[in-house]
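A quick write-up on the structure given underneath.
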Amino acid sequence: MFQPVSLKGDSPSPIDERIRGKYLILYIGIIILSLVPFSVFEYSYIIFFWNETNYWLFFILLPFNVLVAIYIIQFSATLISVLILKIVNLLHVPKEGNFKRSLEDRDYLFWNIRNIVKKCPLYVSASNPFPWFKNRFTLWFFGVKIGKKTICDNSWISSEFVSIGANVIIGMNSTILSFGIEQDNFILRKIRVGNGALIGAKCVLLPGTVMEQNSKLSVHSYTSYDQVLRENSIYLGHPAKLKNT
Amino acid sequence: MERDNYSKFEMDFISTSGVYKTPFSLIIIVQLFIGSIVLFLVNLWFINSLYYLLTGSEFYSFGLKAEWYYWLLLPLNIYGNILLFTFTIILFSAGIFKLLNKLSPPREGIFERGSKDWKYMHRRFWVAYFPIWLARALPLPWVDIVVYRFFGTRVGKSVVLYEGYIDPLFIEIGDFTMTSLNICIFSHLIYQDKILIKKVKIGKACVVGPHTIVSPGTIMQDFAVLGVNSYTSIEQELEGNLIHIGTPVSLTLPIQSVEESKNKAEKIKLKPSNAEVNQNEIEQNLKEG
């Protein structure tokens, strides 16, 4: 959709400044590795079309070349980061819970490393001009399951501990956060959104929120930690409360 | 401003705009193809020049040969190409947009999912998607207003549209109006299995504050201001010459004139402010110390 400035970036994955420089090589490595299939593709394109008979085809097929190249970059970036993510997860299994926000806490440290690994593919898929294979496709590789016929391209969705059902509509500019940073504490909780739920525009779901089937969250509201939104009911406000009918 | 006598539609809550991907969204590839074909044809002389420099023979028999000073025009050429690419796509998709409007004239009201209006709303949206993405993403300063004008939105003169979501149809924006960053102006909303389409009117010299949501059917009268982080409910009317705040809008405040605010500022200036007092104390302490 016509994405505002804030949505052109990747999904919310802040990285602690204290280790940002330390793992820079990991980040740059993913970028370079993900560009290798792209350069192979471009090389073969030029070799195949840049000869005396095919000059016209070379220029006429350029738009399709761009289209394919964008998806090749996105796909290879995702695959490489998934491979590295598997290795990182072997070193430390991601789990929910309350942690300390210090680098001595292994959960917090590895959460940051996971974010570094995921940053490149999420950025590439978010800035893809074409509406196909975006959020749902990329997040599926990171273990976020999003059901069929769900509208989720115009929102920020955390890349882990989220499960979203089918036929859900996630509003424009809304944010789904499975992590929370409260002063010295760091919280990771799973968010579940049931089938047929509706989240309005500019909503924020905080960690641990459970939206049951067909529950509705009105526009411009946010939920509190571990809130449960009941079936077939409407919630609104700051934080969200059941609407009296 | 006058409003048509519509039966008032009460919604339990305000949801969001949501557009599904349909097979019609493949129109983006057609737009991309047509844009770059025109780009290729216009740039033939430049390609010819490049080809001449590389091989020594001509790419086609007519036209210009490579001269060194053509390459001085390269920056101009790149910027011109960006403009050319976007404008061919805008013109092409505006044509399709008008064709769709003729096939099924857009109308306001409440429609079922899968109905003709629902389908055509999706088609119109996907036609408008790529040109607006280009206008927002490429370094072009005023093209987004032009795009909206091409798609039948009435946009007045001297309007500022910062980046945000604005529906391409059923929106009227008056002269000298400013819409801030990250706003959503919806002319359609999803309600369970239905879709609601209502016209939004924004008058002259209005300000739509940042992070606001304007729901369908909202009428902003001239010189109205919608405050930060607030949203309007469906079919709400915002009076002119006032500031409106609330979720949904419930509080109105007067706009102070320049003279009033000047007088207030002068009154405050007469009394020594806390910061000045503190600074004087610090200076005295330093002298004593």
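Looking at region A:90-114 only, could you name the residues that are part of a helix (DSSP H, G or I) and surrounded by fewer than 14 Cβ atoms within 10 Å (Cβ to Cβ)?
Result: A:Leu90, A:Leu91, A:Arg106.
Give the residue that is surrounded by the most Cβ atoms within 10 Å (Cβ to Cβ), with candidates limited to residues of region B:99-114 that are free of Cβ contacts under 8 Å to residues at least 40 places away in the same chain and either of a type in the set (Lys, Arg) or not in a helix (DSSP H, G or I) (or both).
Of the residues in region B:99-114, the ones free of Cβ contacts under 8 Å to residues at least 40 places away in the same chain are B:99-100, B:102-105, B:114.
Still in the list and also either of a type in the set (Lys, Arg) or not in a helix (DSSP H, G or I) (or both): B:102, B:104-105, B:114.
On the way: B:Lys102: 8, B:Ser104: 14, B:Pro105: 9, B:Gly114: 8.
Ranking the candidates gives B:Ser104 first.
Checking B:Asp117 against (1) outside any helix (DSSP H, G or I); (2) more than 21 Å from B:Gln31 (Cβ to Cβ); (3) away from chain A (no Cβ under 14 Å); (4) not hydrophobic (A, V, I, L, M, F, W, C), only one condition comes out false. Which one?
Of everything listed in (1) outside any helix (DSSP H, G or I); (2) more than 21 Å from B:Gln31 (Cβ to Cβ); (3) away from chain A (no Cβ under 14 Å); (4) not hydrophobic (A, V, I, L, M, F, W, C), B:Asp117 misses just condition (1).
Condition (residue is touching a residue at least 60 places away in the same chain (Cβ under 8 Å) and within 14 Å of another protein chain (Cβ to nearest Cβ)) applied to region A:162-172: is it met by at least one residue?
Yes.
Given A:Gly180, A:Gly208, which one is more than 14 Å from chain B (Cβ to nearest Cβ), part of a loop (DSSP other than H, G, I, E, B), of a type outside the set (A, V, I, L, M, F, W, C) and closer than 30 Å to A:Asn89 by Cβ?
Exactly one of A:Gly180, A:Gly208 is more than 14 Å from chain B (Cβ to nearest Cβ), part of a loop (DSSP other than H, G, I, E, B), of a type outside the set (A, V, I, L, M, F, W, C) and closer than 30 Å to A:Asn89 by Cβ, namely A:Gly208.
Just a yes or no: is a residue in region B:54-75 within 14 Å of chain A (Cβ to nearest Cβ) and modelled with pLDDT of 85 or more?
No, region B:54-75 has no match at all.
Could you figure out which of (1) out of contact with any Gly (no Cβ under 7 Å at 6 or more places or on another chain); (2) within 13 Å of another protein chain (Cβ to nearest Cβ); (3) more than 30 Å from A:Gly171 (Cβ to Cβ) isn't true of B:Thr86?
So the condition that B:Thr86 fails would be (3).
Does A:Ala166 satisfy being surrounded by 22 or more Cβ atoms within 10 Å (Cβ to Cβ), closer than 21 Å to A:Ile234 by Cα and at pLDDT 90 or above?
No; evaluated as a whole, the condition is false for this residue.
Can you find even one residue in region A:116-129 that is within 14 Å of another protein chain (Cβ to nearest Cβ), under 18 Å from the mean Cα position of the chain (by Cα), small (Gly, Ala, Ser) and in a loop (DSSP other than H, G, I, E, B)?
So far as region A:116-129 goes, yes, one or more of its residues are within 14 Å of another protein chain (Cβ to nearest Cβ), under 18 Å from the mean Cα position of the chain (by Cα), small (Gly, Ala, Ser) and in a loop (DSSP other than H, G, I, E, B).
The values are calculated or read from the model by the stated rules, or taken from the named source; none is laboratory data. Everything numeric here is computed off the predicted structure, so don't read it as measured data. Heads up, the Cβs are rebuilt from the backbone with ideal geometry, glycines too, and the neighbour counts pull from every protein chain shown.
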